[in-house]
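*Asks:* This structure is in structure tokens; I'll ask about it shortly.
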Amino acid sequence: MAVVTVSTIAAARNGATRTRNTAQRKYRSDSPYQQRTTQRDNPAQTLIKQAVDQLIQQLEAGKSEALTAYLAAMARFHNYSFGNILAIARQKPTATRVAGIRTWNEMGRFVKKGEKGIQILAPMLGYRRNRKEAEIGDQSETKPQPVLIGFRAVYVFDVAQTDGADLPVVEHSVTGEVGEHRDRLINFLAQQTIALEFNEKIAPALGVSYGGKIALLPGQTKAEEFTTLVHETAHELLHKAERRTMTTQTVRETEAEAVAFIVGQAVGLEMGNASRDYIQMYAGNAALLAESLEVIQRAASTILRAIRPEVEAAANPLTAAS
């Protein structure tokens, strides 16, 4: 894990702008984000573009805490779609638990008068049969598969916008301690055939990803070791083949550290400001930032599903476009 500070990022940005812009021309033109946003009738991608454009403006204005707020939202709402996470973070960065009015009412809570809802997108599903089946009448026992036919705007409210019965207290077994999450992450790596070793020779790096193998520096605290392992796992999940060659080292380190920030927060670790030192750069490149946020969210969700299976199984989030 390379140590990247704000000053290092600034120097790298100033010294490598021309090279990075040249290397990323093809990357931007091939970007699924850019291609998707050309579809004006896609409300999910419009939602993402609005959020990312606003985030770019805040970063350009020197408000780097805005991106930290987005990552914190990913930690709290990682089961939601990418677009809806951005929408929640943009409209109410302090939100911790959201639900629709009906759900809150069923839990004995009611939205306070005058509160404004948080708009997200919910999928509309339908069933479609092909023309031949429709003409002859489908007599088979096979049920038609649900298909996505569009999206509709729905409104959710944060718990702070409601009053009423107390919510059940969720016990957090991790507060500065990694608990069983470390062992579960190691098991996940084994399932992915990614080897793990401890090696003093990698100093001063705390961890290194070799592609199929991770090395950690011995002697770290349990919390440091866990977040380092998450960081290197993110490299293993994200930075192979094309993505490794089409992004800069600064972007790759930022993505990996952002995943560590999200996972660490989600399991209750006190992350401090260490991860925030990485959350800079992108130089107004909205397409590249959107790409990074999306892969960050997916990688963090993959890791959290592996290390918190009981929590993820109990979750019942609203689903929508990503």
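Read-outs: derived from the displayed coordinates by stated rules, not from any lab. No experiment lies behind these values; they were computed from the predicted model shown. So basically every Cβ, Gly included, is an ideal-geometry build from the backbone, and we count neighbours across all protein chains shown.
*Asks:* For a paramagnetic label modelled at 7 Å from the Cα of Glu200 toward its Cβ, which residues of the range 211-253 fall within the zone defined by backbone nitrogen distances under 11 Å?
*Replies:* 218-219
*Asks:* Work out the FRET efficiency for Thr103 and Thr245 from their Cβ-Cβ distance, taking R0 = 51 Å, and round it to the nearest 0.05.
*Replies:* 0.70
*Asks:* Going by average Cβ density within 10 Å per residue, which order do the peptides 189-198, 224-233, 150-159 take, highest to lowest?
*Replies:* The peptides rank, most packed first, as 224-233, 150-159, 189-198.
*Asks:* Once the Cβ-Cβ distance between Tyr210 and Glu180 is put in as r, and R0 is 30 Å, what FRET efficiency do you end up with, to the nearest 0.05?
*Replies:* That pair, Tyr210 with Glu180, gives E of 0.70.
*Asks:* Sticking with this structure for a sec: Please identify every one of the trypsin sites (Lys or Arg not before Pro) in the range 158-248 that sits in a loop by DSSP and has no more than 13 other beta carbons within 10 Å of its own beta carbon.
*Replies:* Sites meeting the loop and neighbour criteria: Lys240.
*Asks:* Between Lys112 and Ile149, what length in nm is gained on full extension when 0.36 nm per residue of separation is reduced by their alpha carbon distance?
*Replies:* 10.0 nm
*Asks:* A follow-up question, please. Given R₀ = 35 Å, what would the calculated FRET efficiency be for Gln91 paired with Glu270, taking r from the Cβ atoms and rounding to 0.05?
*Replies:* Values: r = 27 Å, r/R0 = 0.77.
About 0.85, to the nearest 0.05.
*Asks:* Tell me which trypsin sites (Lys or Arg not before Pro) from the range 74-130 have a DSSP coil assignment and no more than 16 other beta carbons within 10 Å of their own.
*Replies:* Loop-located and lightly packed - Arg97, Lys112, Lys113, Lys116, Arg128, Arg129.
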